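Chemist: Next up is a structure, given as structure tokens.
The values are calculated or read from the model by the stated rules, or taken from the named source; none is laboratory data. Everything numeric here is computed off the predicted structure, so don't read it as measured data. Cβ placement follows ideal geometry from the backbone for every residue including glycine, while neighbour counts extend to all protein chains displayed.
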Amino acid sequence: MDQSEHEQLLDVIIIGAGWSGLLACKYCLAEGLKTLALEGRDSLGGVWSFTEDRSCPGVMTTTETTSSRCITEISDFPMPVTYPDFPSHHDIIAYLKAYCARFDLERHIRLGQQVSSVQKIDGAWCVMLADGFRYNARNIVVCSGVHQHPNTVSDDAKFNRFAGEILHSSEVKAIPPDYAGKTFVVWGGGESASDVTLELSKVADRVYWCIPNGQWFVPKVVPNWPPFPSPLRKVVDHTSACAAPVVTHSWLLAFHQPVSAVDVRVQRPRSGGMANGRAVQPFFLQQEFRGACGCQKRRGDCQA
Ligand SMILES: Cc1cc2nc3c(=O)[nH]c(=O)nc-3n(C[C@H](O)[C@H](O)[C@H](O)COP(=O)(O)OP(=O)(O)OC[C@H]3O[C@@H](n4cnc5c(N)ncnc54)[C@H](O)[C@@H]3O)c2cc1C
């Protein structure tokens, strides 16, 4: 580490070198600002950088994007034409590394630099590292993400009488074969929950997916979508990404069911075309709604 770096007053310090930190770094440098990105882990890419560390939330061995490459790629850095519609986490890391190389970011990134505190002293930000070193800058950009610490629920009252084992998704890096024949409950409606649910549904006997705050469900793949890569595909993917919540909301309202009350029971994806569409597609078709009396019938079929 260059000692002089610690002594000079930088224009910008970016905390985190995940997707957001890399973009921030590129744009600060483009403005001619003296910039340094500090990343606590020993790799860039944030949640997309796979780790066996069970205290570190992020992708599983099988994760691929839920958003299509058309709406995920950076506007001035298209993904390689060889990439699939929904790139794997390996693809994403390779892509982010290529982004760093293209815009010469790596020499402005310091890995293994965990920021422990930030304090404003005499008009400048003093950034303290866990190892006791410090940096000074006129501006700070915080890109530390939202998935840094597992939200452990073991002490939550609602799980008091649950006799089974409780795991946080950060501890689930892959679904072991001995989960076959078992029943699971997945609690939560985010990206990790959708990943874990899909992979469990391929192995477990039954999976109940509980989404406390409601969630939109849209098919990931629909028939007759324009082929990829094509400019038309880009346009329809972007348009559908904007319109999807509206369309889905109408679909849910057709069942007169508030979104937050949806219970989803996921079973193994059916064979044939359905198994090819990943993630929410099987769930979309197998959603079950609680009837007015709490039964498992669709609201329209419930006689109560
Ligand atoms: C399983 C999963 C699947 C996802 N799929 C998609 C998808 O398909 N499409 C999509 O658009 N989004 C998806 N997301 C959302 C994802 O959060 C974003 O894609 C994006 O990676 C967020 O980037 P970020 O830089 O904001 O945060 P992060 O990727 O979390 O990066 C933050 C970085 O900051 C570092 N950091 C934090 N605190 C400190 C500190 N004190 N000192 C130093 N460094 C620190 C961390 O180590 C980390 O590297 C997914 C997320 C998950 C978890």
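Chemist: Under the condition of being of a type outside the set (G, A, S) and touching a strand residue (DSSP E or B) at 6+ places or on another chain (Cβ under 6 Å), which residue from segment 88-123 is farthest from E199 (Cα to Cα)?
Modeler: Q119
Chemist: Of the residues V196, V185, only one is of a type in the set (A, V, I, L, M), touching a strand residue (DSSP E or B) at 6+ places or on another chain (Cβ under 8 Å) and within 13 Å of the ligand (Cβ to nearest atom); which?
Modeler: Within the list V196, V185, the selection yields V196.
Chemist: While we're here: Can you tell which of A193, A137 is over 24 Å from F50 (Cβ atoms) and either surrounded by 13 or more Cβ atoms within 10 Å (Cβ to Cβ) or modelled with pLDDT of 90 or more (or both)?
Modeler: A137
Chemist: Could you give me the residue pairs with C-beta distances under 8 Å whose first residue belongs to segment 36-49 and is free of Cβ contacts under 8 Å to residues at least 12 places away in the same chain and not assigned by TED's automatic domain parsing to the domain that holds G18, whose second residue is outside any loop (DSSP other than H, G, I, E, B) and near the ligand (Cβ under 6 Å from one of its atoms) wherever it lies, and which are 6+ apart or on separate chains?
Modeler: Cβ pairs passing all conditions: none.
Chemist: Looking only at segment 138-152, decide whether some residue is small (G, A, S) and either within 11 Å of the ligand (Cβ to nearest atom) or closer than 30 Å to S117 by Cβ (or both).
Modeler: Yes, there is a match, as at least one residue in segment 138-152 is small (G, A, S) and either within 11 Å of the ligand (Cβ to nearest atom) or closer than 30 Å to S117 by Cβ (or both).
Chemist: Something else now. Could you tell me which residue of segment 46-70 is surrounded by the fewest Cβ atoms within 10 Å (Cβ to Cβ), considering only residues that are within 8 Å of the ligand (Cβ to nearest atom) and either over 20 Å from E171 (Cβ atoms) or basic (K, R) (or both)?
Modeler: Ranking the qualifying residues of segment 46-70, first place goes to S67.
Chemist: Output yes when any residue across segment 172-179 is of a type in the set (S, T, Y), within 30 Å of D205 (Cα to Cα) and within 16 Å of the ligand (Cβ to nearest atom), and no when none is.
Modeler: no
Chemist: Next question. Scan segment 74-93 residue by residue and report those that are more than 10 Å from the ligand (Cβ to nearest atom) and either under 28 Å from S201 (Cβ atoms) or touching a residue at least 12 places away in the same chain (Cβ under 8 Å) (or both).
Modeler: I74, F77, M79, P80, V81, Y83, P84, D85, S88, H90, D91, I93
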